[in-house]
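Encoded as structure tokens, the structure appears first; notes follow it.
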Protein chains: 2
Amino acid sequence: MPGDTDHLSEIHLEIGSRLARQDHRYTTGRRHLVSVLAQAGQPMTLPDIVTADPDLAQSSVYRNLDVLVRSGVIRRISAGGDHTHFELAEPLLGHHHHLICISCGGIEDIHLDSEVEMLVDQSLTDIASRSGFTPIHHSLDLHGHCADC
Amino acid sequence: MPGDTDHLSEIHLEIGSRLARQDHRYTTGRRHLVSVLAQAGQPMTLPDIVTADPDLAQSSVYRNLDVLVRSGVIRRISAGGDHTHFELAEPLLGHHHHLICISCGGIEDIHLDSEVEMLVDQSLTDIASRSGFTPIHHSLDLHGHCADC
DNA sequence: CAATATTTGGGAATGAGTGTCATTCGCAAG
DNA sequence: CTTGCGAATGACACTCATTCCCAAATATTG
Ligand SMILES: [Mn+2]
Ligand SMILES: [Mn+2]
Ligand SMILES: [Zn+2]
Ligand SMILES: [Zn+2]
């Protein structure tokens, strides 16, 4: 896959500067964690992550996921299974949504037509303003059974 | 509020027959649980439920929520807070979506224009069929800060 | 009123996620 | 290249939402 290495370096650069801006260090452990998530290309649970890179310590991964979520670099996804899923945040991956398999718990990224996307966003903005609600982001998931289940 | 009593009886009737169909009993505890959820008019957590009706035993509420979810009468909502939320299922409440407050964890029901709703559903159906995914239902949430936070 | 199957509820157990703290690391200044 | 110091690490203890367990209570059938 040509281009992959470059893309990963770009991601590391971007994340490094975001962390620096908040007086956090971009350590080897954090870099490895980000690499695992970037290479997976789909949301991962903690077991997924430490399986992919067994050198990572569970407690450090949990702590670093938290740091990176608070830095806006990683996004937390609560899909209802035993484990929370994590993926790179939208500034890095772009806005998108998910197919969630209610059998195996797997999650896959999907992209809506921008026309539909804008309509949804407009509708939600209208509704929110009517309730005095301040919107931050929306989530749209399709729940069902994946091809394997 | 005229009509409320009737509406609640209808709900109990409907749920009773659904449970009977699956060889479950509609006991007093289950009836009380359903009444609490029906009267709240918004998704509730377990603490919300046992606070609203302190006669309900925690372990029984958890068990009955599970039975009722499996019977298609109650819907489980994983919003990312400490506690899972529960509400009456869509056959009883109608299809709708949620405003989720990331400060206090509160959830409020919202309804989209049916035009937008149909577009979203069509888009998701198309995407799903392309991946061999079998859709069951979608969820669309707006995350942000509620009027109180 | 049995006989039988389901449900209840108090408390124990489970396990995902968080907190602790002594040790290690990363960075900047000299 | 050292040294100094705040940030980060990782093994392990701990928390607490949820599930499990099982003897007692309750509903259903006849
Ligand atoms: Mn969207
Ligand atoms: Mn919808
Ligand atoms: Zn699956
Ligand atoms: Zn709020």
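The values are calculated or read from the model by the stated rules, or taken from the named source; none is laboratory data. This one's a predicted model, so the numbers in the text were calculated from it and none came from an experiment. In this analysis, Cβ positions are derived from the backbone assuming ideal geometry, glycine residues included, and neighbour counts consider all displayed protein chains. Surface areas here come from the heavy atoms of the whole protein model, side chains and all, with no ligands, DNA or RNA. Shrake-Rupley method; radii C 1.70, N 1.55, O 1.52, S 1.80 Å.
Here are the numbers for the structure shown:
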{"read-out": "Residue-span extension gain [B:H7 to B:L46] - 0.36 nm each, minus C-alpha spacing", "value": "11.7 nm"}
{"read-out": "Teacher prompt: B:V67 distances to equivalent labels in other copies, 7 Å Cα→Cβ, nm", "value": "4.8"}
{"read-out": "Label 7 Å beyond Cα on the Cβ vector: A:S35 copy-to-copy distances, nm", "value": "6.1"}
{"read-out": "Calculated on alpha-carbon atoms, Rg and Dmax of chain A in Å", "value": "16.7, 50"}
{"read-out": "Cut-off 11 Å between beta-carbons: net charge of the residues surrounding B:L88, Lys and Arg +1, Asp and Glu -1", "value": "-3"}
{"read-out": "Cys with no candidate disulfide partner in chain A (beta-carbon separation under 4.7 Å rule)", "value": "A:C104, A:C149"}
{"read-out": "Amide H within-cut-off set for B:I74, under 5 Å, with H built and near neighbours excluded", "value": "B:V69, B:A89"}
{"read-out": "Area projected by the alpha carbon convex hull of the protein assembly as shown, averaged over all directions, nm²", "value": "18.6 nm²"}
{"read-out": "Convex hull per residue volume in Å³, alpha carbons only, for segment A:64-149", "value": "125 Å³"}
{"read-out": "DSSP bridge pairs, segment A:95-149: antiparallel proportion in percent, nearest 5", "value": "50 percent"}
{"read-out": "Among A:I107, A:I136, A:I11, residue whose mean-square fluctuation peaks in a GNM of chain A (springs only between Cα atoms under 10 Å)", "value": "A:I136"}
{"read-out": "Accessible area buried at the B-A interface, both sides summed, 1.4 Å probe (Å², nearest 100)", "value": "3000 Å²"}
{"read-out": "Choice from B:G105, B:G132, B:G41 with maximal GNM fluctuation in chain B (Cα, 10 Å cutoff)", "value": "B:G132"}
{"read-out": "Residue list for segment A:58-94, given a label point 7 angstrom along the Cα-to-Cβ vector of A:R25 and an amide N cut-off under 15 Å", "value": "A:64"}
{"read-out": "Other-copy label distances relative to B:S78, 7 angstrom Cα-Cβ extension, nm", "value": "1.0"}
{"read-out": "For residues of A:68-77, the mean tally of beta carbons on other chains within 10 Å", "value": "0"}
{"read-out": "Average partner coverage of B:110-120, which counts Cβ from other chains inside 10 Å", "value": "4"}
